[in-house]
1. Quick one: net charge around Gln208, please, counting Lys, Arg +1 and Asp, Glu -1 for every other residue with C-beta under 12 Å from its C-beta.
2. Compute the FRET efficiency between Phe36 and Glu101 as 1/(1 + (r/R0)^6), taking r as their Cβ-Cβ distance and R0 = 35 Å, and round to the nearest 0.05.
3. Mind giving me the nanometre distance, one decimal, between the label points for Phe237 and Ala76, set 7 Å out from Cα along Cα→Cβ?
4. Along the charge dipole of the chain, pointing to its positive end and built from +1/-1 on Cβ of Lys, Arg, Asp and Glu, which listed residue (Trp187, Thr13, Phe95) has its Cα farthest out?
5. With equal scatterers on the alpha carbons only and no solvent term, can you work out the Debye log10 of I(q)/I(0) for the chain at 0.09, 0.13, 0.15 1/Å?
6. Once you've got the Cα coordinates, tell me which of Lys79/Lys152; Lys44/Lys159; Lys66/Lys131; Lys131/Lys152 are over 29 Å apart.
7. Mean-square fluctuation check for the chain, GNM, Cα pairs under 10 Å: which of Lys219, Lys204, Lys159 is largest?
8. What's the local net charge at Gly4, with K and R +1, D and E -1, over the other residues with C-beta under 9 Å away?
Amino acid sequence: MLSGKVAIVTGSTSGIGLGIANELAKLGADIVLNGFGDAGEVEKIRRGIALEHGVRVVYNGDDMSKGEAVRGMIDATIKQFGHLDILVNNAGIQFTAPVEEFPPARWQAILDINLSAAFHGIAAAVPQMRKQRWGRIVNIASAHGLVASTHKAAYVAAKHGLVGLTKVVGLETAGSGVTCNAVCPGWVRTPLVERQISDMATDKHITQKEAANELLAEKQPSLEFVSPAQLGGTVAFLCSAAADQITGTAISVDGGWTAQ
Ligand code: NAD
């Protein structure tokens, strides 16, 4: 389905981004992996996806907190492959604290990576996608792009902003062959959430398993984690012809979290 297409997935050395990169590669897309990690580990991931799916996979280690670097990665990809078809803005970080104690540097870092990176990437990618008359932009937002929780001021603000940005870009590209949508996952058991489970286990003197169950019980009615592969499937659907008229919207994959 995606043979001959080129997809950039930011933050794809781990967790959800890696699940999305795998799913798009399975459908035949060439992949630009991005994110941090041990060089040997990243190379193992890169080779693994390339060999398993018979696609080209290149690694770009640029820091998505820097707007110029994001734009540079888009330009370099277009130069290297001659086109850019799919941009998944997924790189993200988390930090929790009450608003009055929230360190300004953490606020800024979350805004830079979880929101501004998508702006820079989209701004650099849209002209090429318009030229091709085909493009798919998928912003990985969150249930926290639609509703709030305590102690997540920066994350909730950034993710709500990302849903807003998605709507604007959906409108501006409507009818051009380019679509822009957000995916809003509930809890996914990745390193980002593993840290929150550990913190809860320590705070409440309970086991990791009990903390994970409590996290789900508090928010996610299905009481099951969403998987990176399921989110990869959602992104793949948004890249399919069935989704040609889906744009400017947010799709929840959250086990019922935001239905409450
Ligand atoms: P993760 O920590 O497993 O992966 C984050 C990825 O982003 C890694 O590859 C990391 O190297 C990369 N990254 C971090 N800072 C970067 C930077 N400055 N430049 C480039 N890459 C950077 O996290 P995850 O849970 O897979 O999260 C991925 C996205 O999904 C995030 O945007 C997150 O907000 C969102 N999300 C996660 C959950 C969840 O429950 N895990 C739920 C909703 C939304």
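Just so it is clear, none of the values below were taken in a lab; they were calculated from the coordinates. For clarity, every value in this text was computed on a predicted model and none was experimentally measured. Because the Cβ atoms are built from the backbone with ideal geometry, glycine has one as well, and the counts that use them run over all protein chains shown.
1. 0
2. 0.85
3. In this crude spin-label approximation the distance works out to 3.4 nm.
4. Sorting the options by dipole projection puts first Thr13.
5. Treating every Cα as an identical point scatterer, log10 I(q)/I(0) equals -0.38, -0.80, -1.07.
6. Working: Lys79/Lys152 38 Å; Lys44/Lys159 31 Å; Lys66/Lys131 26 Å; Lys131/Lys152 39 Å.
Flagged as over cut-off: Lys79/Lys152; Lys44/Lys159; Lys131/Lys152.
7. Of the options given, Lys204 has the highest mean-square fluctuation.
8. Charge balance in the 9 Å sphere: -1.
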